[in-house]
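Please treat every number below as a calculation from the coordinates, not as lab data. Here the structure is a predicted model, which means the values were calculated and not measured. FYI the Cβ positions are ideal-geometry reconstructions off the backbone, even for glycines, and counts take in every protein chain you see.
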Amino acid sequence: MRAHSLLILAAMAAPLPALAQNQAPVNRAQQRVEGINRSIESSGEIRGIQQQNRFETNQLQGQIQRQQSLPPAPLPPLGVRR
């Protein structure tokens with residue numbers, strides 16, 4: 001029972017660090033650090049989007065090149081008219 005009580009207390013205390021992270025920065029140095037962190041995070045997201053775009057572009061270019069390298073499909077035989 002004691003372990004159960006400790007688990008409940010720990011769960012109740014868990015949200016407190018999250019609240020501290022949402023508070024406004026105290027000084028200019030902290031504001032600057034948080035601004036740099038946001039910039040780094042945004043750059044990473046942009047880089048990921050660019051890499052995905054390059055991957056998809058390369059896939060499409062490969063498909064086009066494969067289609068262009070195939071010989072044209074033969075024409076169906078024409079029926080003889082009388």
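If R0 is 35 Å, what FRET efficiency do you get for SER39 and GLN61 from their C-beta distance, rounded to 0.05? Calculated value: 0.60. Modelled this way, with points 7 Å down the Cα-to-C-beta line, the labels at GLN51 and ASN27 are 3.7 nm from one another.
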